[in-house]
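Let me begin by presenting the structure, written as structure tokens, before commenting on it.
The values are calculated or read from the model by the stated rules, or taken from the named source; none is laboratory data. Source: prediction; values computed, not measured. Heads up, the Cβs are rebuilt from the backbone with ideal geometry, glycines too, and the neighbour counts pull from every protein chain shown.
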Amino acid sequence: MANQITRGRFITLEGGEGAGKSTQAARLESRLRARGFESVLTREPGGSPLAEQIRSAILSGAIAPLGPAAEAVMFFAARIDHLRHTIRPALEAGKWVICDRFSDSTRAYQGALGNLDPRFLRELERVTVGPTRPDLTIVVDVPAELGLARARARSAFVDRFEAEGLAFHEALRSAFLDIAGEEPRRCAVVDGTGDADAVSDSIWGIVCGRLIDSAESPPEQKAAP
Ligand code: TYD
């Protein structure tokens with residue numbers, strides 16, 4: 001009988017600028033590996049060759065004059081490639097996918113902040129993401145002022161979204177908290193103001209509680225007595 005591979009789990013990390021998602025995504029991935037789960041660390045926009053090209057176009061600000069609807073379409077175009085070449089193959093091979101930003105970022109940045117009709121984004125999500133929805137979304141929450149200060153301290157280069165003012169980033173924070181409030185079964189909010197170890201421990205607690213304890217044991221654990 002052929003081996004049946006269980007689909008991997010799909011975890012996304014979301015939040016505003018400087019929330020520490022990238023650090024936490026990397027830490028989560030290494031903790032999963034240490035537990036014996038094969039996993040893939042990826043990010044949006046990007047995560048596959050064509051999507052990385054689209055990323056450069058968006059973050060340069062070249063698409064901004066076309067407005068948030070055009071930007072949303074570009075993010076979803078990148079996402080189609082990312083899903084096709086990176087996310088779905090990994091999940092189908094039984095790997096866990098840890099993705100730094102996904103559709104909730106489009107809902108927050110282009111949707112809530114760009115005043116797009118939520119039905120437009122839902123429809124884009126339905127035809128592009130389809131059933132490949134995250135099993136768990138961690139919203140890393142920090143006050144906008146702290147996040148912006150962290151983002152500006154880490155690099156002199158300010159991208160299209162980091163260049164927005166404090167009011168934009170406060171509204172962004174609320175948008176992510178609203179998403180988490182609307183979908184509590186999928187989302188969990190983690191306080192990102194503590195040090196990286198503390199935040200990482202909180203995230204790990206949630207992943208264990210919601211996914212690992214109920215997931216099948218990875219092969220090496222199955223073999224253990
Ligand atoms: P990135 O350098 O990856 O920033 P961060 O470390 O904050 O994740 O830049 C990605 C930027 O693109 C970030 O400002 C959020 C924005 N973005 C959207 O506006 N919509 C989206 O759908 C995604 C995925 C990202």
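L66: at pLDDT 95 or above, surrounded by 22 or more Cβ atoms within 10 Å (Cβ to Cβ) and more than 15 Å from the chain's Cα centre (by Cα), yes or no? Considered against the rule, which asks whether it is at pLDDT 95 or above, surrounded by 22 or more Cβ atoms within 10 Å (Cβ to Cβ) and more than 15 Å from the chain's Cα centre (by Cα), L66 comes out as no.
In the range 17-51, how many are closer than 30 Å to A144 by Cα, surrounded by 19 or more Cβ atoms within 10 Å (Cβ to Cβ), at pLDDT 95 or above and in contact with a Leu (Cβ under 7 Å, 6 or more places away or on another chain)? The total comes to 4.
Candidates in the range 143-184 are the residues that are among the basic types (K, R) and in a helix (DSSP H, G or I); of these, the one that is surrounded by the most Cβ atoms within 10 Å (Cβ to Cβ) is R173.
Any idea which of D159, D141, D178, D104 is in contact with a Gly (Cβ under 7 Å, 6 or more places away or on another chain) and touching a residue at least 60 places away in the same chain (Cβ under 8 Å)? Of the residues listed, the single one that is in contact with a Gly (Cβ under 7 Å, 6 or more places away or on another chain) and touching a residue at least 60 places away in the same chain (Cβ under 8 Å) is D141. Checking each residue in the range 126-142 for being surrounded by 17 or more Cβ atoms within 10 Å (Cβ to Cβ) and of a type outside the set (V, I, T) picks out P134, D135, L136, D141.
One residue is enough: does the range 110-122 have a residue meeting the conditions farther than 30 Å from A34 by Cα, outside any helix (DSSP H, G or I), more than 13 Å from the ligand (Cβ to nearest atom) and of a type in the set (S, T, N, Q)? Looking for residues that are farther than 30 Å from A34 by Cα, outside any helix (DSSP H, G or I), more than 13 Å from the ligand (Cβ to nearest atom) and of a type in the set (S, T, N, Q), one finds at least one in the range 110-122, hence yes.
To keep it simple, each residue is scored yes or no on (1) more than 26 Å from L66 (Cβ to Cβ); (2) in contact (Cβ under 8 Å) with a residue 40 or more places away in the chain.
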residue: G111; (1), (2): no, yes
residue: N115; (1), (2): no, yes
residue: F120; (1), (2): no, yes
residue: E123; (1), (2): no, no
residue: V127; (1), (2): no, no
residue: G130; (1), (2): no, no
residue: L136; (1), (2): yes, yes
residue: G147; (1), (2): yes, yes
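For the range 10-53, name all the residues that are in contact with a Phe, Trp or Tyr (Cβ under 9 Å, 6 or more places away or on another chain), part of a helix (DSSP H, G or I) and near the ligand (Cβ under 9 Å from one of its atoms). Once the filter is applied, which keeps residues that are in contact with a Phe, Trp or Tyr (Cβ under 9 Å, 6 or more places away or on another chain), part of a helix (DSSP H, G or I) and near the ligand (Cβ under 9 Å from one of its atoms), the range 10-53 yields nothing. Among the residues of the range 98-127, the ones that are more than 20 Å from R43 (Cβ to Cβ) and in contact with a Cys (Cβ under 9 Å, 6 or more places away or on another chain) come to 0 in all. Looking only at residues that are in a loop (DSSP other than H, G, I, E, B) and either touching a helix residue (DSSP H, G or I) at 6+ places or on another chain (Cβ under 6 Å) or closer than 14 Å to R7 by Cα (or both) in the range 54-103, which one is farthest from the ligand (Cβ to nearest atom)? The qualifying residue farthest from the ligand (Cβ to nearest atom) is G94.
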